[in-house]
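The values are calculated or read from the model by the stated rules, or taken from the named source; none is laboratory data. All values reported here derive from a predicted model rather than from experimental measurement. So basically every Cβ, Gly included, is an ideal-geometry build from the backbone, and we count neighbours across all protein chains shown.
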Amino acid sequence: MSTTSTLIQFRLNGEPMARQVESFHTLVEVVRGCGLHGARESCGQGLCGCCTVVVDGQAVTGCIYPALHADGTDIATIEGVAKDGRLDPVQQAFIDAGAFQCGFCTPGFILMARQLLANNPDPSEHEIRHYLAGNLCRCGAYPEIVKAVRLAAERLRALAAAGQ
Ligand code: FES
Ligand code: FES
(Lines give C-alpha, C1' and ligand atoms only; values in the text may rest on other atoms or scores of the structure.)
(Ligands and ions follow the chains in the order given, each with its own letter.)
Protein backbone atom coordinates (compact mmCIF):
# COMPACT_ATOMS: atom_id res chain seq x y z
CA MET A 1 0.00 0.00 0.00
CA SER A 2 1.42 3.39 -0.92
CA THR A 3 0.71 6.48 1.14
CA THR A 4 1.46 10.14 0.75
CA SER A 5 2.64 11.98 3.80
CA THR A 6 2.01 15.68 4.31
CA LEU A 7 3.94 18.20 6.39
CA ILE A 8 1.73 19.97 8.91
CA GLN A 9 2.80 22.90 11.04
CA PHE A 10 1.17 23.93 14.30
CA ARG A 11 1.89 25.33 17.73
CA LEU A 12 1.91 22.85 20.60
CA ASN A 13 1.52 24.49 24.00
CA GLY A 14 3.01 27.61 22.44
CA GLU A 15 5.96 25.89 20.71
CA PRO A 16 6.13 25.88 16.90
CA MET A 17 6.18 22.31 15.59
CA ALA A 18 6.12 20.48 12.27
CA ARG A 19 5.31 16.82 11.59
CA GLN A 20 4.96 14.56 8.58
CA VAL A 21 1.60 12.85 8.82
CA GLU A 22 -0.40 10.40 6.79
CA SER A 23 -4.09 10.87 6.02
CA PHE A 24 -5.00 8.13 8.52
CA HIS A 25 -3.11 9.69 11.44
CA THR A 26 -5.09 11.22 14.27
CA LEU A 27 -4.34 14.22 16.45
CA VAL A 28 -3.77 12.12 19.56
CA GLU A 29 -1.13 10.15 17.66
CA VAL A 30 0.56 13.42 16.66
CA VAL A 31 0.73 14.91 20.17
CA ARG A 32 1.90 11.61 21.64
CA GLY A 33 4.46 11.40 18.86
CA CYS A 34 5.70 14.79 20.06
CA GLY A 35 6.42 13.22 23.45
CA LEU A 36 3.30 14.49 25.26
CA HIS A 37 1.53 11.49 26.73
CA GLY A 38 -1.22 13.12 28.81
CA ALA A 39 -3.78 12.59 26.04
CA ARG A 40 -4.41 8.84 25.80
CA GLU A 41 -6.16 6.73 23.25
CA SER A 42 -8.56 4.39 25.01
CA CYS A 43 -11.77 3.61 23.12
CA GLY A 44 -10.48 5.05 19.84
CA GLN A 45 -14.08 5.76 18.82
CA GLY A 46 -14.87 9.19 20.25
CA LEU A 47 -16.73 7.74 23.22
CA CYS A 48 -14.60 8.27 26.34
CA GLY A 49 -12.76 11.62 26.26
CA CYS A 50 -9.36 10.22 27.33
CA CYS A 51 -7.80 11.67 24.17
CA THR A 52 -9.09 15.23 24.67
CA VAL A 53 -6.88 17.94 23.17
CA VAL A 54 -7.66 21.64 22.73
CA VAL A 55 -7.45 23.02 19.18
CA ASP A 56 -7.76 26.78 18.71
CA GLY A 57 -9.39 27.05 22.12
CA GLN A 58 -11.93 24.27 21.59
CA ALA A 59 -11.69 20.82 23.17
CA VAL A 60 -11.72 18.07 20.53
CA THR A 61 -11.68 14.30 20.53
CA GLY A 62 -8.12 13.51 19.52
CA CYS A 63 -8.69 9.89 18.50
CA ILE A 64 -11.05 10.82 15.69
CA TYR A 65 -9.66 14.24 14.79
CA PRO A 66 -7.64 13.91 11.57
CA ALA A 67 -4.07 15.08 12.03
CA LEU A 68 -4.23 16.86 8.68
CA HIS A 69 -6.89 19.20 10.11
CA ALA A 70 -4.41 20.39 12.74
CA ASP A 71 -2.29 22.17 10.15
CA GLY A 72 -1.96 25.84 11.12
CA THR A 73 -3.72 25.45 14.48
CA ASP A 74 -2.81 26.25 18.04
CA ILE A 75 -2.91 23.02 20.06
CA ALA A 76 -2.98 22.81 23.85
CA THR A 77 -2.65 19.68 25.96
CA ILE A 78 -2.70 18.94 29.67
CA GLU A 79 1.09 19.40 29.74
CA GLY A 80 0.64 23.11 28.94
CA VAL A 81 -1.90 23.83 31.68
CA ALA A 82 0.46 24.41 34.63
CA LYS A 83 2.21 27.77 34.43
CA ASP A 84 5.56 28.78 35.93
CA GLY A 85 5.73 25.54 37.91
CA ARG A 86 2.30 26.13 39.47
CA LEU A 87 -0.64 23.85 38.87
CA ASP A 88 -3.74 25.36 37.33
CA PRO A 89 -6.59 25.79 39.89
CA VAL A 90 -8.56 22.99 38.21
CA GLN A 91 -5.59 20.61 38.46
CA GLN A 92 -5.14 21.54 42.12
CA ALA A 93 -8.83 21.04 42.85
CA PHE A 94 -8.72 17.52 41.35
CA ILE A 95 -5.88 16.69 43.74
CA ASP A 96 -7.55 18.30 46.75
CA ALA A 97 -10.87 16.57 46.07
CA GLY A 98 -9.20 13.19 45.37
CA ALA A 99 -10.91 13.17 41.97
CA PHE A 100 -9.07 10.23 40.44
CA GLN A 101 -7.83 6.73 41.14
CA CYS A 102 -5.73 5.48 38.22
CA GLY A 103 -5.71 8.92 36.60
CA PHE A 104 -6.05 7.61 33.05
CA CYS A 105 -9.11 9.74 32.35
CA THR A 106 -7.99 12.78 34.38
CA PRO A 107 -6.30 14.94 31.70
CA GLY A 108 -9.45 14.80 29.57
CA PHE A 109 -11.69 15.67 32.53
CA ILE A 110 -9.46 18.60 33.52
CA LEU A 111 -9.36 20.05 30.00
CA MET A 112 -13.15 19.76 29.69
CA ALA A 113 -13.71 21.17 33.18
CA ARG A 114 -11.52 24.18 32.34
CA GLN A 115 -13.58 24.77 29.21
CA LEU A 116 -16.82 24.50 31.19
CA LEU A 117 -15.64 26.98 33.83
CA ALA A 118 -14.43 29.43 31.18
CA ASN A 119 -18.01 29.50 29.86
CA ASN A 120 -19.91 29.06 33.11
CA PRO A 121 -18.11 30.14 36.30
CA ASP A 122 -20.77 28.74 38.66
CA PRO A 123 -22.17 25.51 37.20
CA SER A 124 -24.69 23.40 39.09
CA GLU A 125 -24.01 19.72 39.70
CA HIS A 126 -26.42 18.90 36.88
CA GLU A 127 -24.59 21.24 34.51
CA ILE A 128 -21.22 19.71 35.44
CA ARG A 129 -22.46 16.16 34.90
CA HIS A 130 -24.11 17.14 31.62
CA TYR A 131 -21.00 18.94 30.30
CA LEU A 132 -18.69 16.09 31.27
CA ALA A 133 -21.01 13.36 29.97
CA GLY A 134 -18.61 12.59 27.11
CA ASN A 135 -15.79 11.80 29.52
CA LEU A 136 -15.80 8.35 31.08
CA CYS A 137 -14.02 7.32 34.27
CA ARG A 138 -13.71 3.58 34.56
CA CYS A 139 -12.70 3.92 38.21
CA GLY A 140 -16.03 5.64 38.90
CA ALA A 141 -14.61 8.75 40.56
CA TYR A 142 -17.61 10.81 39.41
CA PRO A 143 -18.73 12.16 42.83
CA GLU A 144 -15.19 13.42 43.54
CA ILE A 145 -14.86 14.82 40.01
CA VAL A 146 -18.03 16.87 40.51
CA LYS A 147 -16.67 18.04 43.88
CA ALA A 148 -13.38 19.02 42.23
CA VAL A 149 -15.10 21.06 39.54
CA ARG A 150 -17.22 22.87 42.14
CA LEU A 151 -14.13 23.51 44.25
CA ALA A 152 -12.21 24.84 41.25
CA ALA A 153 -15.18 27.05 40.33
CA GLU A 154 -15.26 28.49 43.85
CA ARG A 155 -11.52 29.20 43.82
CA LEU A 156 -11.58 30.71 40.33
CA ARG A 157 -14.47 32.99 41.33
CA ALA A 158 -12.52 34.08 44.42
CA LEU A 159 -9.47 34.82 42.26
CA ALA A 160 -11.59 36.79 39.78
CA ALA A 161 -13.16 38.78 42.63
CA ALA A 162 -9.67 39.58 43.90
CA GLY A 163 -8.74 40.76 40.39
CA GLN A 164 -6.23 37.94 39.77
S1 FES B 1 -9.92 7.44 23.04
FE2 FES B 1 -10.80 9.14 22.06
S3 FES B 1 -12.78 9.28 22.86
FE4 FES B 1 -11.97 7.46 23.72
S1 FES C 1 -9.47 7.68 37.55
FE2 FES C 1 -9.23 5.76 36.57
S3 FES C 1 -10.36 5.96 34.75
FE4 FES C 1 -10.79 7.75 35.84
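Might you let me know whether region 72-85 holds any residue that is under 29 Å from LEU156 (Cα atoms), touching a Gly at 6+ places or on another chain (Cβ under 7 Å) and among the charged types (D, E, K, R)?
Yes, region 72-85 contains at least one residue that is under 29 Å from LEU156 (Cα atoms), touching a Gly at 6+ places or on another chain (Cβ under 7 Å) and among the charged types (D, E, K, R).
Which condition breaks for GLY140 when tested against (1) within 16 Å of ligand 2 (Cβ to nearest atom); (2) surrounded by 13 or more Cβ atoms within 10 Å (Cβ to Cβ); (3) small (Gly, Ala, Ser)?
Against the list (1) within 16 Å of ligand 2 (Cβ to nearest atom); (2) surrounded by 13 or more Cβ atoms within 10 Å (Cβ to Cβ); (3) small (Gly, Ala, Ser), GLY140 comes up short only on (2).
Give all pairs with beta carbons closer than 7 Å in which a residue from region 118-147 that is under 17 Å from PRO107 (Cα atoms) meets a residue that is of a type in the set (Asp, Glu) and loosely packed, with under 15 Cβ neighbours inside 10 Å; count only pairs at least 6 apart in sequence or on separate chains.
VAL146/GLU125
If I ask for residues that are in a helix (DSSP H, G or I) and either crowded, with 22+ Cβ neighbours inside 10 Å or within 13 Å of ligand 2 (Cβ to nearest atom) (or both), which ones from region 93-108 would you list?
ALA93, PHE94, ILE95, THR106, PRO107, GLY108
Is it the case that LEU111 is closer than 20 Å to CYS50 by Cβ, part of a helix (DSSP H, G or I) and touching a residue at least 40 places away in the same chain (Cβ under 8 Å)?
yes
Within region 30-50, take every residue that is under 15 Å from the mean Cα position of the chain (by Cα) and more than 11 Å from ligand 1 (Cβ to nearest atom) and give me the one that is surrounded by the fewest Cβ atoms within 10 Å (Cβ to Cβ).
Per the stated criteria, the residue is HIS37.
If I ask for residues that are charged (D, E, K, R) and out of contact with any helix residue (DSSP H, G or I) (no Cβ under 8 Å at 6 or more places or on another chain), which ones from region 85-139 would you list?
ARG86, ARG138
Please work out which one of (1) within 11 Å of ligand 2 (Cβ to nearest atom); (2) farther than 23 Å from VAL28 by Cα; (3) not hydrophobic (A, V, I, L, M, F, W, C) is the condition SER124 fails and give its number.
In the conditions (1) within 11 Å of ligand 2 (Cβ to nearest atom); (2) farther than 23 Å from VAL28 by Cα; (3) not hydrophobic (A, V, I, L, M, F, W, C), SER124 misses (1) alone.
Go through region 61-78 and report how many residues are away from ligand 2 (no atom under 16 Å from the Cβ) and over 19 Å from SER23 (Cβ atoms).
Total satisfying the criteria: 3.
Return the pair list, or none, for Cβ contacts closer than 8 Å from residues in region 47-71 that are within 17 Å of LEU116 (Cβ to Cβ) to residues that are of a type in the set (Phe, Trp, Tyr) and within 16 Å of ligand 2 (Cβ to nearest atom), at least 6 apart or on different chains.
What qualifies is GLY49/PHE109.
When you go through CYS105, CYS63 one by one, which is the residue that is within 16 Å of ligand 1 (Cβ to nearest atom), assigned by TED's automatic domain parsing to the domain that holds GLY44, in contact with a Leu (Cβ under 9 Å, 6 or more places away or on another chain) and not aromatic (Phe, Trp, Tyr)?
Of the residues listed, the single one that is within 16 Å of ligand 1 (Cβ to nearest atom), assigned by TED's automatic domain parsing to the domain that holds GLY44, in contact with a Leu (Cβ under 9 Å, 6 or more places away or on another chain) and not aromatic (Phe, Trp, Tyr) is CYS63.
Among the residues of region 81-92, is any of a type outside the set (Lys, Arg), in a helix (DSSP H, G or I) and crowded, with 22+ Cβ neighbours inside 10 Å?
yes
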